[in-house]
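Everything below concerns the one structure shown next.
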Amino acid sequence: MVRLWWPEILKKPRLRLEKPRFKIPRKTPSPDALFILAMSFILFILGGGVFAVVNYKTLPEGFIVIGELTRQTVIEGLVAFTFMVIGFIGFLIMYQSTKHVYRPNYAKTLLLMGIVLALIGYIGLNWLFIKKAPGIFKR
């Protein structure tokens, strides 16, 4: 064995070189990405996005078409979509609160935040519906 000369002042580097490993990329997106994509699509449909896109040119100007349930503005669909997203996030936060059993104060905070967000979404959608069809609720 040949011993190479190395000055004692310098410390010998200890290098550990390993063969690089390449991961094979996934053929499908991650489950989280698929879930977010599916929920966005569902909320877009429920918010009236397709209706607003198809009937964009024939819709009147303004925020809400009052008294007509068969017509909708783009802003009205976006507001409904926003209230649905707020309510959905509230339910997700309530679900997350069940995972923190050993931190009761944090779980209660999450539960309260989730309930408030779900109520905001529910009340907002009801407000939008009452504004849209005021004749239904008159006795």
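The values are calculated or read from the model by the stated rules, or taken from the named source; none is laboratory data. The shown structure was predicted, so the numbers you read here are calculated from the model rather than taken from an experiment. Backbone-built Cβ (ideal geometry, glycine too); neighbour counts: all protein chains shown.
A compact table of results
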quantity	calculated
Residue list for region 24-45, restricted to those being of a type in the set (A, V, I, L, M) and outside any helix (DSSP H, G or I)	I24
Flag for A107 being on the phi < 0 side of the Ramachandran plot, modelled with pLDDT of 90 or more and surrounded by fewer than 11 Cβ atoms within 10 Å (Cβ to Cβ)	no
Boolean, G135 is surrounded by 12 or more Cβ atoms within 10 Å (Cβ to Cβ) and modelled with pLDDT under 90	no
